[in-house]
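The values are calculated or read from the model by the stated rules, or taken from the named source; none is laboratory data. Just so you know, these numbers come straight off a predicted model, no measurement behind them. Positions of Cβ are generated from backbone atoms using ideal geometry, with glycine treated the same way; all protein chains shown enter the neighbour counts. For the accessible areas, the whole protein counts, side chains as well, though only heavy atoms, and no ligand, DNA or RNA atoms are used. Shrake-Rupley method; radii C 1.70, N 1.55, O 1.52, S 1.80 Å.
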Amino acid sequence: MEFIKFKDVDKTYKNGVNAVYDMNLSIKKGDFVFIIGASGSGKSTMIKMLYREERPSNGEIILGGINVAKVKNSKVYKLRRKIGIVFQDFKLLPKLTVYENVAFALEIYGLPTHEVRKKVLKALDLVGLKSKTKSYPSQLSGGEQQRVAIARAIVNSPKLLICDEPTGNLDPDTSWEVMQVIKKINDLGTTIVMATHDREMVDRMKKRVIYLEDGRLVKDYEKGTYVNESN
Amino acid sequence: MKAIRILVRNVRDGFKSVGRNLSLSIASISCITITLLIVAIALVVASNVENITKAFKEDFTIVAFIDNSIAKEQAAQIKTSIEGIGNVESVTLVDKKEVANEMKDTSDELASIIDSWSDEENPLYDTLQIKVKDSEKISKTAKDIKDIAGVVTVKYGQGIVEELLTVFKVIEKAMIVAMIALVLVTLFLIGNTIKITIFSRKREIEIMRLVGASNFSIKQPFVIEGFCLGALGSLIPIAVTLYGYTALYKHFNGHFFSPFVKLVPSEPFVYLVALILLALGVIVGMFGSYRAVRKYLKI
């Protein structure tokens, strides 16, 4: 079942930089997709268009039946509530505890406190951090911080988890741990779209790989590896 | 129910943020405190200056002298017709015997001369002392009184009164301009400090947007925080006004050096000033926050 569809998508930034050309792509529900490519190949732009931080200049991006390109600025929050996003720099609030950081994403919906608590603990359990609820981000390792960010992204049970170089700041072992957590989330049915530079990781995961070069989609492997494109 | 829960959480977060960002909160609060203190002093000075000029104006009196040849009943009639003039507040008739008595009090020489007069010989005039409602129109009123048959002379301190009125007008205008300028400076200063407080939390706003907070629910805690900062910042200026002015008023016994310079009574004046300060702090705090957050929201 088609979940995400890019149809003739172009993106030209206001300063005239062309970031994405003529992109056509379709992702099924429950897929795990890597987006790879050199810096400036358009990975980040593609991901930003998916969560409507940027709008495509032309074309359509359909996400779960909604044309993301047409979502108004004032309604973007409704889209964001249906997706989870994880970043390279975690984007945790340093003055909130682990629990508060995750609860934050639910409290803005006005969920009752006992439900917030139930969901937060479930999400933290899933990423293996149930024992750290009262810690502050600065007291955690990089891998743990990223797991908190993942817990926050999935606490609302989104259908899609977008990851923008989630392991970019982590050492290989920690990266692998974080990747296992993300894989577990994928196994529970969440679609994953991940931009990454991490060649080794992509090789080990054996998932679908989309390779971008200068803003164009040049290769798309069903069970591909990074090795394929580099040859 | 959902909306109430969100509101309660935002109020909680708004208050919490003041403590969490303590150093910047203190910076904002002290800025608000200092500007509001200046506003408080300006308000007190302006109100007292206004009070003094008003008291002066109320003291302006027109004195009309009545022709000695006319009968007492006619004098009463003149009094009634003066009372009929629109701008006249009150008229007091002082007959020439009283005038003579008043003059006797001023010096012994005069007293001995005046004592030599019999009642019929008294050359003085019966006089009418007239208070006006609007001192600006005093010369016109004086002219109207002069036109009444039987009135010989009219005096109201011609020249001096006009000059005083011009001076008062200038003072009043200067006060208004100064107050407006001061309030604008306050708005600007407080607004800017709060802006800095919020700019340092750009990241927080960014994350709120990413996890799906609506623009409204992002703004709400910040506006509440602005409310707290404004209210806390107005505490010291309010205390200074309440205790300081009351003490000052008591110390001077309600007069500033001379009994002619009356101070505004401390109650209810201080409460009014306190209310203005609180309102100014709170409104500027909320509005400043609102505008600063808006900058980081794509709307």
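What dipole magnitude, in Debye to the nearest 20, does chain A give about its Cα centre under +1 on Lys/Arg Cβ and -1 on Asp/Glu Cβ?
About 1080 debye.
Which of B:19, B:285, B:226 ends up with the largest GNM mean-square fluctuation for chain B, with Cα atoms connected below 10 Å?
B:19
Using all alpha carbons of region A:32-118, what is the percent of pairwise distances in each 10 Å bin, ordered from the shortest bin to the longest?
13, 37, 33, 15, 2
With heavy atoms of protein chains only and a 1.4 Å probe, what residues of region A:74-98 have at least 50 Å² less accessible area in the full set of chains than alone?
A:77, A:80, A:91, A:93, A:95
If you take each beta carbon of peptide A:115-123 and count the beta carbons of other chains within 10 angstrom, what is the mean?
Mean number of neighbouring Cβ atoms from other chains: 0.
Return one number: the angle in degrees, 0 to 90 and rounded to the nearest 10, between the long axis of the Cα atoms of helix A:142-154 and the longest principal axis of the Cα atoms of chain A.
80
Residue by residue, what Karplus-based ³J(HN,Hα) values in Hz, rounded to whole numbers, does region B:95-107 have, using 6.51, -1.76 and 1.60 with θ = phi - 60° and x for Gly and Pro?
My calculation for region B:95-107 gives 7, 5, 5, 5, 4, 4, 4, 4, 5, 4, 5, 6, 7 Hz in order.
Could you state the number of Å between the C-alpha centres of region B:96-139 and region A:52-94?
92
Compute the FRET efficiency between residue B:146 and residue B:180 as 1/(1 + (r/R0)^6), taking r as their Cβ-Cβ distance and R0 = 30 Å, and round to the nearest 0.05.
Once rounded, the FRET efficiency stands at 0.15.
Around residue A:88, under 12 Å between beta carbons, what's the net of Lys plus Arg minus Asp minus Glu among the other residues?
Spelling it out: positives minus negatives among the neighbours equals -2.
Can you give the angle from 0 to 90° between the axis of helix A:113-126 and the longest principal axis of chain A, with both taken from C-alpha atoms, to the nearest 10?
The two axes meet at around 60 degrees.
Specify which residue in the list B:31, B:18, B:4 is farthest towards the positive end of the charge dipole of region B:1-50, using unit charges on the beta carbon of Lys, Arg (+1) and Asp, Glu (-1), about the Cα centre.
The residue sitting most towards the positive pole is B:4.
What angle do you read, to the nearest 10 degrees and between 0 and 90, between the alpha-carbon axis of helix B:160-199 and the longest principal axis of chain B?
10
Would you work out which of B:230, B:271, B:246 lies farthest towards the positive end of the dipole of chain B, given +1 charges on the beta-carbon of Lys and Arg and -1 on that of Asp and Glu, about the Cα centre?
Of the listed residues, the answer is B:230.
Please compute the contact order of chain A in relative form: average sequence separation of alpha-carbon pairs under 8 Å and at least six residues apart, divided by the residue count, as a percent.
This gives 27 percent for chain A.
Report which residues of region B:190-211 become buried by 20 Å² or more of accessible surface when going from the isolated chain to the complete set of protein chains (1.4 Å probe; DNA, RNA and ligands ignored).
With the partner chains in place, region B:190-211 has these residues losing at least 20 Å²: B:203, B:204, B:206, B:207, B:208, B:209, B:210, B:211.
Most fluctuating residue of A:132, A:119, A:75 in a GNM of chain A with Cα springs under 10 Å: which is it?
Most flexible of the set in this elastic network: A:75.
What dipole magnitude, in Debye to the nearest 20, does region B:80-168 give about its Cα centre under +1 on Lys/Arg Cβ and -1 on Asp/Glu Cβ?
500
Rounded to whole Å and sorted largest first, list the principal axis extents of the Cα atoms in chain B.
Cα extents, longest axis first: 101, 38, 36 Å.
Could you compute how much accessible area chains A and B hide from each other, both sides summed, with a 1.4 Å probe? Nearest 100 Å² is fine.
2300
Over the protein assembly as shown, what is the percentage of antiparallel beta bridges among all DSSP beta bridges, to the nearest 5?
About 65 percent, rounded to the nearest 5.
Give me the aspartates and glutamates in straight-line cross-link reach of residue A:70: C-alpha distance below 16 Å, same-chain residues under 8 apart excluded.
List returned: A:8, A:10, A:53, A:54, A:60.
What net charge is computed for the residues neighbouring residue B:135, neighbours being all others with C-beta under 12 Å from the C-beta of residue B:135, Lys and Arg scored +1, Asp and Glu -1?
With Lys, Arg at +1 and Asp, Glu at -1, the neighbours total +1.
Would you compute, for the Cα atoms of the protein assembly as shown, the largest minus smallest coordinate along each principal axis and list the three values in descending order, in whole Å?
135, 47, 38
May I ask what percent, to the nearest 5, of DSSP beta bridges between residues of chain A are antiparallel?
Close to 50 percent.
Can you list residues whose amide H is under 5 Å from residue A:54's amide H, if they're 5+ apart or on another chain and H is modeled 1.01 Å from N?
Residues meeting the criterion, in which the H sits 1.01 Å from N, are A:49.
Compare A:81, A:117, A:208, B:203 by solvent-accessible area with a 1.4 Å probe and give them largest first, with all protein chains kept in place.
The residues order as A:117, B:203, A:81, A:208, largest area first.
Less than 14 Å apart at the alpha-carbon level, and either on another chain or at least 8 residues along: which aspartates and glutamates does that give for residue B:219?
Cα-Cα hits under 14 Å: B:13, B:204, B:206.
Ordering A:39, B:112 from largest to smallest accessible area (1.4 angstrom probe), what's the sequence?
Values: A:39 100, B:112 75 Å².
Most to least solvent-accessible, the answer reads A:39, B:112.
Report relative contact order for chain B in percent, whole number only (criteria: Cα-Cα under 8 Å, sequence separation at least 6).
It comes to 30 percent, rounded to a whole number.
Can you pull the percent of region B:61-155's accessible area that's carbon plus sulfur, 1.4 Å probe, other chains left in place? Display every interim value, and only then the final one.
Numbers: 2790 of 5640 Å².
Roughly 50 percent of what the probe reaches on region B:61-155 is carbon or sulfur.
Per-residue accessible area for residue A:34 at 1.4 Å probe radius, Å² rounded to 10?
The accessible area comes out at roughly 0 Å².
Please tell me which of these pairs span more than 18 angstrom C-alpha to C-alpha: A:28/A:183; A:78/A:122; B:72/B:96?
A:78/A:122
Using unit Cβ charges (K, R positive; D, E negative) and no other charged atoms, how large, in debye to the nearest 20, is the dipole of chain B about its Cα centre?
I would put it at about 3900 debye.
Provide the per-residue ³J(HN,Hα) series for region B:201-207, in order, calculated from phi with Karplus coefficients 6.51, -1.76, 1.60 and θ = phi - 60°, each as a whole number of Hz, with x at glycine and proline positions.
Listing the rounded values in order: 10, 3, 4, 4, 5, 4, 5 Hz.
For peptide A:133-144, what's the mean number of Cβ atoms from other chains within 10 Å of each residue's Cβ?
0
Which of the pairs A:132/A:206; A:29/A:134; A:29/A:119; A:82/A:207; A:184/A:219 have their Cα atoms more than 30 Å apart in this structure?
From A:132/A:206; A:29/A:134; A:29/A:119; A:82/A:207; A:184/A:219, over 30 Å: A:132/A:206; A:29/A:134.
Averaging sequence separations of C-alpha pairs under 8 Å and six or more residues apart, then dividing by the length of region B:61-155, give the relative contact order as a whole percent.
Working: 135 pairs, mean separation 48.2, N = 95.
Relative contact order for region B:61-155 comes out at 51 percent.
Just tell me how shielded B:9-17 is by partners: mean number of partner chain Cβ atoms within 10 Å of each residue's Cβ, no decimals. Let's see the in-between values first.
Details: counts 8, 2, 0, 1, 4, 0, 0, 3, 1.
Across the residues of B:9-17, the mean count of other-chain Cβ atoms within 10 Å is 2.
Just to check I understand the Karplus step: with θ = phi - 60° and J = 6.51 cos²θ - 1.76 cosθ + 1.60, what whole-Hz values come out for region A:102-109, glycine and proline as x?
Working through the residues one at a time gives 6, 5, 2, 5, 9, 4, 5, 8 Hz.
So how far, in whole Å, is the C-alpha centre of region B:1-40 from the one of region B:140-186?
47
Pull up the cross-link candidates among the aspartates and glutamates for residue B:262, meaning alpha carbon to alpha carbon under 18 Å and not fewer than 8 places away within one chain.
Correct list for residue B:262: B:50, B:58, B:59, B:172.
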